[in-house]
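No lab work stands behind these numbers, since they all come straight from the coordinates. Given the structure is predicted, the values throughout are model-derived calculations rather than measurements. So basically every Cβ, Gly included, is an ideal-geometry build from the backbone, and we count neighbours across all protein chains shown.
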Amino acid sequence: MRTLGVAGSFPVRPSPMRRDPLPLGFVFRSRTKDEKAPASAPVTDSKLPRDPQAPKGRPTPKRSEAQGPRRSVTNTPLSRKDAAKRQRETRRVALQKQREAMDSGDERYLPVRDKGRVRKFARDYVDSRRVVAEWFLPAAVVILVFSMVRVGALQSVALLCWLLLIVLIVADSLRLAFGLRKELNTRFPDDRHKGAVAYALMRTLQMRRLRLPKPQVKRGERP
């Protein structure tokens, strides 16, 4: 610090250096377009393959969220016409599979009355034997023709044939029913046998080639 003037006077502080004032145009001037433009984001190519090790950048959606759009599409209500059309198509496919099962014996598509191993054994038990009842319809037609002839002797023979046919059918059916019941109790002691014997007896009234489901065993073959 230096002193100016007469000795013994107070020291004088040096004055700071004066700065040149800024021009007003610099303070209040408008920004140029280059200064107003924000910093451009880095350009990324979305078509480039993503590294499987790199993070996805977003959380994995929940299963319910991912299936939401698909459920909304499948649960779209159908009109009555479309619903009826779909129902007819479903019924047609089911009937087609059922007809094929009647020929092949596929248990999956058989009617309820024909399903089960007990019913299958009952069918095989009948189909492996010669039964009198399967000739009931042809014999009935012949006897009916003879009974319509206005000849007393032929009518008497036709009546006798009717009685003989009925006796043979009843006797053969009783033999088959007792044999089938015994086999069912031996082979399937824990299964339900209700209606199986009647199911088999009704099958005997049909000719072998007309039975449905079709026979899967040959005559004389052990079921």
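Overview of values
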| item | result |
| --- | --- |
| Cβ-Cβ FRET estimate between residue 95 and residue 210, R0 fixed at 30 Å, reported to 0.05 | 0.95 |
| Enclosed volume per residue, in Å³, of the convex hull spanned by Cα atoms of the stretch 112-207 | 89 Å³ |
| Relative contact order (percent, whole number), the stretch 116-210, Cα cutoff 8 Å, 6+ residue spacing | 50 percent |
| Point-to-point label distance, residue 153-residue 177, nm (Cα→Cβ direction, 7 Å offset) | 3.9 nm |
| Pair residue 79, residue 141: separation of 7 Å Cα→Cβ label points (nm) | 5.1 nm |
| Rounded FRET efficiency, nearest 0.05, which uses the C-beta distance separating residue 217 from residue 186 and R0 of 22 Å | 0.75 |
| The stretch 216-223 - phi-based ³J(HN,Hα) in whole Hz, Karplus 6.51/-1.76/1.60, Gly and Pro as x | 10, 10, 8, 5, x, 7, 6, x |
| Highest average packing first - 131-139, 151-159, Cβ atoms within 10 Å | 131-139, 151-159 |
